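Written below as structure tokens is the structure these notes are about.
What follows is calculated from the coordinates using simple rules that are stated; it is not laboratory data. From a predicted model like this one, the values you see are computed outputs, not experimental measurements. Glycine gets a Cβ as well: all are built from the backbone with ideal geometry, and neighbour counts include every protein chain shown.
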Amino acid sequence: MQARLFVIPASHPSITAELMLDHKGIAYKRTDLLPVISKGVLRGLGFRHKTVPAIKIDGRRIQGSREIARELERLRPEPTLFPADPEKRAAVEEAERFGDEELQHPIRQILWWSIKRDKAPLRSYSEGAKLGVPLSLAMKTAAPVVALSARFNEADDEHVRRDLTELPTLLQKVDDWIAAGVLNGEQLNAADFQIAPSIGLAMTLDDLRPAIESRPAGALAKRVVPNYPGRTPPILPAAWLEPLRAA
Ligand SMILES: N[C@@H](CCC(=O)N[C@@H](CS)C(=O)NCC(=O)O)C(=O)O
């Protein structure tokens with residue numbers, strides 16, 4: 001099986017795709033792309049959409065972490081990503097949908113907001129990446145990429161304040177799924193691989209980690225992505241973090 005995965009280093013859904021490929025034991029080559037520039041590169045490569053993860057596998061082009069999960073399950077059914085029992089599968093699919101549609105984006109917005117205010121931590125998210133240019137040069141020219149990424153993702157004060165208010169509810173949902181055995185079971189599933197990278201990315205922010213690491217959601221992330229790349233020192237206004245402290 002020939003597979004090439006296109007990622008942005010430290011992108012949480014990109015890590016989802018890598019974890020699922022590893023779970024299936026599918027060998028792949030990885031191409032690292034810079035945010036923003038990735039959009040043009042993907043279009044040039046014949047992908048229909050502008051986001052990573054994107055994979056070319058056995059001649060087919062697939063994009064989106066959930067679409068990739070299904071394609072990998074089709075190509076290599078064992079070990080599974082989804083339970084065979086229909087009721088259990090529905091629960092995993094709902095948690096996976098939540099991870100993709102509700103959890104990914106607020107974390108993305110909080111990160112870009114933080115990086116826009118202090119670009120220095122960006123380097124730590126790209127450590128070990130092969131960007132086609134030296135990392136020091138990529139970082140020197142990062143300002144427009146960061147500004148555009150913050151803009152495209154609506155990583156502004158209003159959205160990030162709302163994200164931080166809603167984060168405790170999102171974390172509680174993850175904790176509840178863990179308690180119900182949908183997540184963090186003996187066998188990891190597509191929802192674990194979807195959700196753990198978002199929690200892992202959130203925990204790279206010193207502002208968020210204390211409110212997450214001792215929860216079941218934090219334990220899931222530590223199990224599934226123990227070495228999530230990147231670290232952002234405290235930067236968010238203390239008042240915005242109140243809802244997390246209260247939780
Ligand atoms: N929900 C989609 C999200 C894909 C997505 O938005 N990926 C981001 C990276 S985390 C992206 O490609 N952004 C383009 C950019 O940063 O320029 C999935 O799970 O595949």
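Might you check whether a residue that is touching a Leu at 6+ places or on another chain (Cβ under 8 Å) and either under 28 Å from residue 241 (Cα atoms) or aromatic (Phe, Trp, Tyr) (or both) occurs anywhere in the stretch 128-141? No: zero hits.
Consider the stretch 161-183 and keep the residues that are in contact with a Pro (Cβ under 8 Å, 6 or more places away or on another chain) and hydrophobic (A, V, I, L, M, F, W, C). The one that is farthest from residue 39 (Cα to Cα) is 179.
Scanning the stretch 114-140 for residues that are among the aliphatic types (A, V, I, L, M) and more than 13 Å from the ligand (Cβ to nearest atom) yields 120, 129, 131, 133, 135, 137, 138, 139. In the stretch 1-36, of all residues being more than 11 Å from the ligand (Cβ to nearest atom) and in a strand (DSSP E or B), the one that is nearest to residue 140 (Cα to Cα) corresponds to 32. There is no residue in the stretch 132-151 that is assigned to a loop (DSSP other than H, G, I, E, B), touching a residue at least 40 places away in the same chain (Cβ under 8 Å), farther than 16 Å from residue 36 by Cβ and out of contact with any Asp or Glu (no Cβ under 6 Å at 6 or more places or on another chain).
Per-residue answers, yes or no, for (1) within 16 Å of the ligand (Cβ to nearest atom); (2) surrounded by 14 or more Cβ atoms within 10 Å (Cβ to Cβ); (3) touching a residue at least 40 places away in the same chain (Cβ under 8 Å):
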site	(1), (2), (3)
44	yes, no, no
51	yes, yes, no
61	yes, yes, no
66	yes, yes, yes
77	no, no, no
80	no, yes, yes
109	yes, yes, yes
112	yes, yes, yes
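Any chance you could count how many residues in the stretch 110-131 are part of a helix (DSSP H, G or I) and basic (Lys, Arg)? Matching residues across the stretch 110-131 total 3.
Among the criteria (1) hydrophobic (A, V, I, L, M, F, W, C); (2) farther than 21 Å from residue 8 by Cα; (3) assigned to a helix (DSSP H, G or I), the one residue 68 does not fulfil is (2).
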